[in-house]
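Before we start, here is the structure in question, set down as structure tokens.
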Amino acid sequence: MSDDKHFFLREPWKYDRAATLAAREEAVEGFETRCLHVGFDPMHSQNDFRSFVPPLVQSITFPYETFDKIPCPVYGRTRTPTNTVLEQRLASLEGGEACLTAGSGSQALFNLIFTIARPGDNVVTSLNVFGEGYKQAVTIFPERCNVQFRFVRDPADAASWDEKIDEKTKLVWVETPSNPCLFITDIRAVAAVAHSRGVPLMVDNTTATAALQRPMDLGADMVLLSISKFMAGNATILGGALVGPEPLVEDIRWNTTEFVGAIMQPMEAWMALQYVETLPMRMQRHSANALAVARYLHAHPKVERVNYSGLEDHPQHALACRQMSGHGGLLSFVAPGGMQGAATVMNSFKRVVHAVTFGTSRSICMHPPTITHEHMSAGERKAAGIDDGLIRFSVGLENPEDIIVDLEQALAKM
Ligand SMILES: *Cc1c(COP(=O)(O)O)cnc(C)c1O
């Protein structure tokens, strides 16, 4: 843990690919082991309570030993012992140097951009991003901070990314597989473009999680996470994190979150630690169930299209197999009859719940054109593949046959 002495205005982070690479450490233990152990050792002498489980330290302030010795942690707006365990664990799982938690994935994105961009700067991304990210990109950042977001023309084409980068570009932001259309972006190819222009690459790893995809091994400089989705797995907590170089993480911690209190609460961090223990097993089962459901939907005569990279004839199947070890639990499909068709199917589900969020142990569905991506223009939705009949479907941990039975009877209403 770094020294909390310099708690007023840290040096702003400067992108340095060589330093980022040099600071990365090869993990000694396996992924499953690290999900259980990183950040807390029950046998360590600092474990004053002899606790088997990482303690939930529900305190926002930490006593001074002497007048001029600032304790670390000092106050809950910057870190707490429980958040630190989670931060160390997530950094290890993603293969990054450091991590900072936030109150949500959206807040983690906001904290990052707000810290690294100044008026006149820009961020290059695509339309394949989650709804609140898109809204930050087209409303609050340009209107209030004069930070512009540029959407690439064809995210499958590396030259399209290169085209949008200029000397004012502070970040390239990729979300893959994307929410809600599960578009796969080639992380290696975009990393090569960004690095050739001296710009860092951030990959949003929310849908795959580190259990299935390690963007930093493919060239990303930092990883954005919503903990609220598969990571926590049951819609019980909101949380987010950014994994990346330590100087960047400390820049955000001391120059933004310390001032505005944009943090994850210790209770949520503690709960996230419990959920992360089972992440690899859950992602395997989510992936297996989603593949079964995707195959069923793909063969269904009434379904117009299925977005799931695990299907052999998905245009990016080979790329997805190269950069992920499984295709995850999220898919989307297009019901016939546009908005009305989607409404009929979603209103007919008996088991599958209609609600915002995904990555839950229970199967859940949502209608992106009206709920999360309603701010996009019709043209942008078309370019992003968000048809009026699109249903986002997060395949849960039920027996897959039961999910298919529910889909069967709902689609029969069409
Ligand atoms: C939901 C989501 C986020 C934002 O997460 P919250 O914790 O809900 O704010 C970020 N990225 C992706 C890909 C998401 O799906």
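Would you call Thr82 closer than 22 Å to Trp254 by Cβ, open to solvent by less than 60 Å² (accessible area, probe 1.4 Å) and more than 16 Å from the ligand (Cβ to nearest atom)? Steps first, answer last, please.
On the way: closer than 22 Å to Trp254 by Cβ: yes; open to solvent by less than 60 Å² (accessible area, probe 1.4 Å): yes; more than 16 Å from the ligand (Cβ to nearest atom): yes.
Here the answer is yes, as Thr82 does meet what is asked.
So, one more: What residue, of Leu242, Leu238, Leu212, is within 26 Å of Phe31 (Cα to Cα), part of a strand (DSSP E or B), of a type in the set (A, V, I, L, M) and within 16 Å of the ligand (Cβ to nearest atom)? Working first, answer last.
Values: Leu238 fails: part of a strand (DSSP E or B); Leu212 fails: part of a strand (DSSP E or B).
Checking each option against the conditions leaves just Leu242.
Here are some residues: Gly341, Gly261. Which one is of a type outside the set (Ser, Thr, Tyr) and in contact with an Asp or Glu (Cβ under 9 Å, 6 or more places away or on another chain)? Spell out how you get there, then give the answer.
Details: Gly261 fails: in contact with an Asp or Glu (Cβ under 9 Å, 6 or more places away or on another chain).
Being of a type outside the set (Ser, Thr, Tyr) and in contact with an Asp or Glu (Cβ under 9 Å, 6 or more places away or on another chain) holds for just one of Gly341, Gly261, which is Gly341.
Might you let me know whether the stretch 162-175 holds any residue that is free of Cβ contacts under 8 Å to residues at least 40 places away in the same chain and of a type in the set (Val, Ile, Thr)?
The first filter runs over the stretch 162-175 and keeps only residues free of Cβ contacts under 8 Å to residues at least 40 places away in the same chain, leaving 162-163, 167.
Pick out the ones that are also of a type in the set (Val, Ile, Thr) and you get none.
No, the conditions are met nowhere in the stretch 162-175.
I would also like to ask the following. Given Arg144, Arg118, Arg34, Arg50, which one is without any contact (Cβ under 8 Å) to a residue 60 or more places away in the chain, among the charged types (D, E, K, R), in the same structural domain as Leu242 (by TED's automatic domain parsing) and under 19 Å from Trp254 (Cβ atoms)?
Working: Arg144 fails: under 19 Å from Trp254 (Cβ atoms); Arg34 fails: under 19 Å from Trp254 (Cβ atoms); Arg50 fails: under 19 Å from Trp254 (Cβ atoms).
That would be Arg118, the only listed residue that is without any contact (Cβ under 8 Å) to a residue 60 or more places away in the chain, among the charged types (D, E, K, R), in the same structural domain as Leu242 (by TED's automatic domain parsing) and under 19 Å from Trp254 (Cβ atoms).
As an exercise: evaluate Gly95 against (1) on the phi > 0 side of the Ramachandran plot; (2) free of Cβ contacts under 8 Å to residues at least 40 places away in the same chain and give the number of the one condition it does not meet.
So Gly95 meets the others, but not (2).
Does Arg381 satisfy the criteria of being among the basic types (Lys, Arg), touching a residue at least 12 places away in the same chain (Cβ under 8 Å) and within 27 Å of Gln284 (Cβ to Cβ)?
No: the conditions fail for Arg381.
For residues that are under 10 Å from Pro266 (Cβ atoms) and either polar (S, T, N, Q) or open to solvent by less than 80 Å² (accessible area, probe 1.4 Å) (or both), tally how many sit in the stretch 56-78. If you could, list the steps in order and put the result at the bottom.
From the stretch 56-78, those under 10 Å from Pro266 (Cβ atoms) are 56-60, 76; that's our starting set.
Next, only the ones that are either polar (S, T, N, Q) or open to solvent by less than 80 Å² (accessible area, probe 1.4 Å) (or both) stay: 56-59, 76.
Result for the stretch 56-78: 5.
Shifting gears a bit: With respect to Ala194, is the statement that it is within 16 Å of the ligand (Cβ to nearest atom) and open to solvent by less than 50 Å² (accessible area, probe 1.4 Å) true?
On the way: within 16 Å of the ligand (Cβ to nearest atom): no; open to solvent by less than 50 Å² (accessible area, probe 1.4 Å): yes.
Taking the combined requirement at face value, the residue does not satisfy it.
Select, from Gly120, Gly133, the only residue that is small (Gly, Ala, Ser) and not in a helix (DSSP H, G or I). Spell out the reasoning first.
Working: Gly133 fails: not in a helix (DSSP H, G or I).
The match here is Gly120.
Search the stretch 137-170 for residues being crowded, with 21+ Cβ neighbours inside 10 Å and assigned to a helix (DSSP H, G or I), and hand back the single one that is nearest to the ligand (Cβ to nearest atom).
It comes out as Ala137.
Still on this structure: Got a sec? Which of Met339, Met346 is open to solvent by 10 Å² or more (accessible area, probe 1.4 Å), under 27 Å from the mean Cα position of the chain (by Cα) and at negative phi?
Working: Met339 fails: under 27 Å from the mean Cα position of the chain (by Cα).
Only one candidate passes the filter, namely Met346.
Any chance the stretch 88-110 includes a residue that's more than 16 Å from the ligand (Cβ to nearest atom), open to solvent by less than 20 Å² (accessible area, probe 1.4 Å), under 23 Å from Ala211 (Cβ atoms) and among the polar types (S, T, N, Q)?
Within the stretch 88-110, not a single residue is more than 16 Å from the ligand (Cβ to nearest atom), open to solvent by less than 20 Å² (accessible area, probe 1.4 Å), under 23 Å from Ala211 (Cβ atoms) and among the polar types (S, T, N, Q).
Would the stretch 227-240 turn up any residue that is surrounded by 22 or more Cβ atoms within 10 Å (Cβ to Cβ), in contact (Cβ under 8 Å) with a residue 12 or more places away in the chain, hydrophobic (A, V, I, L, M, F, W, C) and within 30 Å of Leu9 (Cα to Cα)? So that I can check it myself, show each step before the final result.
Residues of the stretch 227-240 surrounded by 22 or more Cβ atoms within 10 Å (Cβ to Cβ): 227-233, 239-240.
Those still in the list that are in contact (Cβ under 8 Å) with a residue 12 or more places away in the chain too: 227-233, 239-240.
Applying the additional criterion that residues be hydrophobic (A, V, I, L, M, F, W, C) yields 227, 230-232.
Within this subset, residues satisfying the condition of being within 30 Å of Leu9 (Cα to Cα) are 227.
Yes, because at least one residue in the stretch 227-240 is surrounded by 22 or more Cβ atoms within 10 Å (Cβ to Cβ), in contact (Cβ under 8 Å) with a residue 12 or more places away in the chain, hydrophobic (A, V, I, L, M, F, W, C) and within 30 Å of Leu9 (Cα to Cα).
Further question: Can you give me the number of residues within the stretch 313-337 that are touching a residue at least 40 places away in the same chain (Cβ under 8 Å) and assigned to a helix (DSSP H, G or I)?
Selection size over the stretch 313-337: 3.
The values are calculated or read from the model by the stated rules, or taken from the named source; none is laboratory data. Model, not experiment: these values are computed from the prediction. Virtual Cβ from ideal backbone geometry, glycine too; neighbours counted across all protein chains shown. Please note that ligands, DNA and RNA were not included when accessible areas were found on the heavy atoms of the full protein model with its side chains. Shrake-Rupley method; radii C 1.70, N 1.55, O 1.52, S 1.80 Å.
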